[in-house]
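Okay, so here's the structure we're looking at.
The values are calculated or read from the model by the stated rules, or taken from the named source; none is laboratory data. This is a predicted model, so every value here is computed, not measured. Positions of Cβ are backbone-derived with ideal geometry, glycine not excepted, and every protein chain shown enters the neighbour counts.
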Amino acid sequence: MSSEAWFGEYYDSVYSYILMLVKDSHTAEDLTQETFMKVIRNEHTFKGNSHVKTWIFRIAYTTTISYLRKKHPVLYYFDLHAYTPKNERSSEEIVLLNSQQKQFYEALHQLKPSYQQVILLRKIQGFSTKEASAILNWSDGKVKMSLSRALAAFKKELEKGGFSNETLI
């Protein structure tokens, strides 16, 4: 399979992953394009040791983290939010979110970035622990522990927003 086919197959999921991190559609588009430019340039280095999607998401992750470090180095260093998503969404994006999706999105972005990362990769994108470990360059144990802590923190944030235990399935 060529990088052009990978683009068609993985563009949407890479874009949505990056959008959840940077919270701005234009920046997410730019970073997704940059990710796929790197994929094309480095296609020859893909050895097949992991699934191609894992390899592409590793490139997306490093591209996005590099952007965030350059954009807000002090905030990134202290593991704080680089953006306030409430003010950066277009009116079209707000209209598209129903109230539960909006609460979910807002609760997710109250978490520290490492918790956001592990929830996005494991629970939203559906990567295995091993794949998430490869993307984040963490040990399997760190992914498992971070996910457990992230989900507990996420549940608390959702409950603050009015979700009940029955809603949180």
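Tabulated results
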item	result
Filter result for the condition that a residue is in contact with a helix residue (DSSP H, G or I) (Cβ under 9 Å, 6 or more places away or on another chain) and within 19 Å of TRP138 (Cβ to Cβ), over TYR61, TYR10, TYR15	TYR61
Per-region count, the range 101-120, residues in a helix (DSSP H, G or I) and under 11 Å from LEU21 (Cβ atoms)	5
Members of the range 44-53 that are out of contact with any Phe, Trp or Tyr (no Cβ under 7 Å at 6 or more places or on another chain) and either assigned to a loop (DSSP other than H, G, I, E, B) or surrounded by 15 or more Cβ atoms within 10 Å (Cβ to Cβ) (or both)	LYS47, GLY48, ASN49, SER50, HIS51
Residue pairs meeting the criteria (Cβ under 6 Å; at least 6 apart or on separate chains; first in contact (Cβ under 8 Å) with a residue 24 or more places away in the chain, in the range 126-140; second of a type in the set (D, E, K, R))	ILE135/ARG58
Residue satisfying condition, being surrounded by 14 or more Cβ atoms within 10 Å (Cβ to Cβ), aromatic (Phe, Trp, Tyr) and modelled with pLDDT of 90 or more, within set TYR83, TYR11	TYR11
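For every residue, the table says whether it meets (1) touching a residue at least 12 places away in the same chain (Cβ under 8 Å); (2) in a helix (DSSP H, G or I); (3) out of contact with any Ser or Thr (no Cβ under 9 Å at 6 or more places or on another chain).
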residue	(1), (2), (3)
SER13	yes, yes, yes
PHE36	yes, yes, no
VAL39	yes, yes, no
SER66	no, yes, yes
